[in-house]
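Quick notes on the structure that follows.
FYI, it's all coordinate maths here, none of it is from the lab. What you are looking at is a predicted structure, and each value in this text was computed from that prediction instead of being measured. Cβ atoms come from the backbone with ideal geometry, glycine included; neighbour counts cover every protein chain shown.
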Amino acid sequence: MTIAYLGLGANLGDARQTLKDAVVCLAQQHTITVLAKSSVYRTAPIDASGDDYFNCVVKLETSLPARALLRLCHHIELQFGRERPYRNAPRTLDLDILLYGASSIDEADLVVPHPRMTQRAFVLVPLVELEPDLILPQRGRADSFIADVADQRIEKVAACQCMVGTPSGGTDTSTAPSNKTDCR
Ligand code: ADP
Ligand code: MG
């Protein structure tokens, strides 16, 4: 089992609902346990035109190898109507692997840690919300990069109501919602 973090983004269609549905879709995979989800953020497009984005980050545990997790991400993107007419085009759903355990992967179609994650407020802010002391493989503390992206517009639009679903999350499971899909 490997802990991984996915970055979710959308700016076409009902983007907020899509994020919610995508988290449900991830949670329904028998190969994945969703451990935590950040709040949803509204963010300015970076290197792209189009409407504002909605973004969040999900922490999960998976039995899938990294490449299979990428394939699953692409499959789910397609199910949500993802098209790639040109680079950085507006999208119904983008699922990026930010971190896969402590792995460093540098292949033609899969680079982990995600190569641009330390340059993007829409990744760093929700990621650090989930894991304030997170250390990135070979890059140091995730929160140390946030000052560099302070000029990127990002606004929290919905605090996550769901609770971390594992004992390591330290939540009081007697009061926490029992299902993992109560996210928005
Ligand atoms: P974006 O870079 O804006 O997310 P796409 O979602 O279209 O654009 O992804 C382009 C390609 O990036 C994918 O086909 C995928 O193979 C590749 N890629 C490389 N590393 C990663 C990663 N860590 N997570 C997701 N996709 C990745
Ligand atoms: Mg992507």
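Pull out the extension gain between residue 150 and residue 89, defined as 0.36 nm times the separation in residues minus the alpha carbon to alpha carbon distance; nm, one decimal.
Full-extension gain reported as 19.6 nm.
Using a 7 Å offset from the Cα along the Cα-to-Cβ direction at both residue 48 and residue 133, what is the distance between the two label points in nm, to one decimal?
About 3.4 nm separates the two model spin labels.
What residue among 150, 100, 12 has its Cα farthest toward the positive end of the dipole of the chain, where the charges are +1 on Lys, Arg and -1 on Asp, Glu, each on the Cβ?
Highest projection toward the positive end goes to 12.
For the chain, please report how many Lys pairs fall under 14 Å Cα to Cα, leaving out neighbours fewer than 8 apart on the same chain. Each step should come with its number before you reach the end.
Values: 20/37; 20/180; 37/59; 37/156; 37/180; 59/180.
Count of close lysine pairs: 6.
Using a simple charge model, +1 on the beta-carbon of Lys and Arg, -1 on the beta-carbon of Asp and Glu, nothing else, what dipole does the stretch 2-159 show about its Cα centre, in debye to the nearest 20? Show your work: numbers first, answer last.
On the way: 17 positive and 20 negative charges, 34 e Å.
Result for the stretch 2-159 is approximately 160 debye, rounded to the nearest 20.
What percent of all Cα-Cα pairs in the chain falls into each 10 Å bin, going from 0 up to the bin containing the maximum distance?
9, 39, 40, 11, 1
Work out how much length residue 16 to residue 109 would gain on full extension: take 0.36 nm times their residue separation and subtract the Cα-Cα distance, in nm to one decimal.
On the way: separation 93, 0.36 × 93 = 33.48 nm, distance 2.76 nm.
Value of the extension gain: 30.7 nm.
Based on the mean of other beta carbon atoms within 10 Å per residue, what is the order of 51-57, 148-154, most packed first? Please list the in-between numbers first.
Working: 51-57: 22.7, 148-154: 13.3.
In decreasing order of mean packing, 51-57, 148-154 become 51-57, 148-154.
Summing +1 for each Lys or Arg and -1 for each Asp or Glu, what net charge is found among the other residues whose Cβ lies under 15 Å from the Cβ of residue 72?
Working: positive: 67, 71, 82; negative: 61, 77, 94, 96, 109.
For residues surrounding residue 72, the net value is -2.
Note down the net charge around residue 7, summing +1 for each Lys or Arg and -1 for each Asp or Glu among other residues with Cβ under 12 Å from its Cβ. Can you show the working numbers first?
On the way: positive: 37, 59, 116, 120; negative: 94, 96.
Counting the neighbours of residue 7, the net charge comes to +2.
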